[in-house]
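The values are calculated or read from the model by the stated rules, or taken from the named source; none is laboratory data. Everything numeric here is computed off the predicted structure, so don't read it as measured data. Cβ coordinates were reconstructed from backbone atoms using ideal geometry, including for glycine residues, and neighbour counts include every protein chain displayed. Accessible surface is based on the protein model in full, side chains and every heavy atom, while ligands, DNA and RNA are left aside. Shrake-Rupley method; radii C 1.70, N 1.55, O 1.52, S 1.80 Å.
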Amino acid sequence: MPEVEAASDTSLAQALAFRAQGDWARALACLTRANAQRPSASLQQQLVDWRIEAGRSPSAAAAGEAHSAPERASHAPGVDKGASAIPEVPPGELTAARLHEAIHGSGALIVRGLLDASVAEELRQQIERVAGAREDPENFPSVEPEAAWYTRSSEVRGAPAQLFRRPGQAVESSSIWVADSPRMACELLALYERLGLPSLLENYFGEPARLSVKKWVLRKMAPKKNGNAGWHQDGRFLGEHIRSVNLWLALSDCGGGAPAPGMDLLVDGRREIHPTGTDGAWFDWTVGPERVARLATEAPISQPRFAPGDALLFDHFSLHRTALEDHHNALRYAIEAWFFAASTAPARQQPLYI
Ligand SMILES: [Fe+2]
């Protein structure tokens, strides 16, 4: 199809011209269009490379700082406190104001059915495809040459994803950085755009949002007996003086009485970092169970049940843990995406321009 090729070449040429001018927003829009017109593994890889480069460029950071950060919400009626005690809204009522009210009132917000079940199922299959490409990178390009299912960018720093399995058996659990799957990164960014998330988060933060290489993760988790997941706040690692929102997308029936592990959360709007490594804590980064028990006398602990396509939004102050119980016997698939206010995105997490 020569017209398609010509259109893609034109978009690519425009992308390069905008990049030369340091206009990352337009450069990435043109490169995204080139890949939509004629998908290729090399364009997908280039998109990830450019996003990382743009994420650390001073001009991108300065653009973020140019905005004020109101993060204020006017009164937002109608947030529904369901049985979980974490506020819930349908997708059509997800706004920056409601998100602010929920996080500062209860520490989290649930959006039921943010994705259709069919989309959640498709993403779950794609996580398997990424894990397959990670496991057997030699074979994958021949299966689908126009897609970079697993290709590590030379811009990415850190150890590659680990796959957990018993000898001779299929991979049980994996945590793979989305940036290591340029094909998946393109898919998810298009999805976030369709959901209106970049503009919602820009409203919430008062400046553009960034993702990061290290906190944007495809997760597949097998249930564990005696798993003892630690209570923690991500602000303990990411830093207290940032602004963040984690979009945790459930792709399995999980939590509550479901067969797959979910998430325990303290329903608490106070935004403060609790001491770690004390009160019976197993690790120096976890909040001890005795302290959590004391906190739970003032604020309830919730273990919501999630259907595939439900979303949980919280921030780096939200105290939570993976909810592992002995009755669990099913895999949990989920996608974790930490968004940061551009001017506060931690450099160590390798910010990604979106
Ligand atoms: Fe966490």
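Worth a mention:
For (1) within 13 Å of the ligand (Cβ to nearest atom); (2) under 20 Å from the mean Cα position of the chain (by Cα), each residue gets a yes or a no:
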residue: Ala258; (1), (2): no, no
residue: Ala296; (1), (2): no, no
residue: Arg305; (1), (2): no, yes
residue: His316; (1), (2): yes, yes
residue: Ala345; (1), (2): no, yes
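- Looking across region 324-335, the residues that are in contact with a Leu (Cβ under 9 Å, 6 or more places away or on another chain) and within 16 Å of the ligand (Cβ to nearest atom) come down to Arg332, Ala334, Ile335.
- Checking each residue in region 209-230 for being away from the ligand (no atom under 13 Å from the Cβ), closer than 14 Å to Ala334 by Cβ and not in a strand (DSSP E or B) picks out Ala222, Pro223.
- Hey, Gly309 under 22 Å from Arg124 (Cα atoms) and either among the β-branched types (Val, Ile, Thr) or within 14 Å of the ligand (Cβ to nearest atom) (or both) or not: no
- Only one of the listed residues (Ser199, Ser181, Ser106, Ser118) is closer than 22 Å to Val213 by Cβ and among the polar types (S, T, N, Q). That residue is Ser181.
- Among residues of region 231-246 being in a loop (DSSP other than H, G, I, E, B) and surrounded by 18 or more Cβ atoms within 10 Å (Cβ to Cβ), the one that is farthest from the ligand (Cβ to nearest atom) is Arg243.
- Members of region 247-305 that are part of a strand (DSSP E or B) and open to solvent by less than 20 Å² (accessible area, probe 1.4 Å): Leu247, Trp248, Leu249, Ala250, Cys254, Ala260, Gly262, Met263, Asp264, Leu265, Leu266, Ser302
- The set of residues in region 1-48 that are crowded, with 19+ Cβ neighbours inside 10 Å and among the small types (Gly, Ala, Ser) comprises Ser8, Ser11, Ala15, Ala27, Ala34, Ala41.
- Tabulated pairs, region 162-177, first open to solvent by 80 Å² or more (accessible area, probe 1.4 Å), second part of a loop (DSSP other than H, G, I, E, B), C-beta under 8 angstrom, 6+ apart or interchain: Phe164/Val171; Phe164/Glu172; Phe164/Ala222; Arg165/Val171; Arg165/Glu172; Arg166/Glu172
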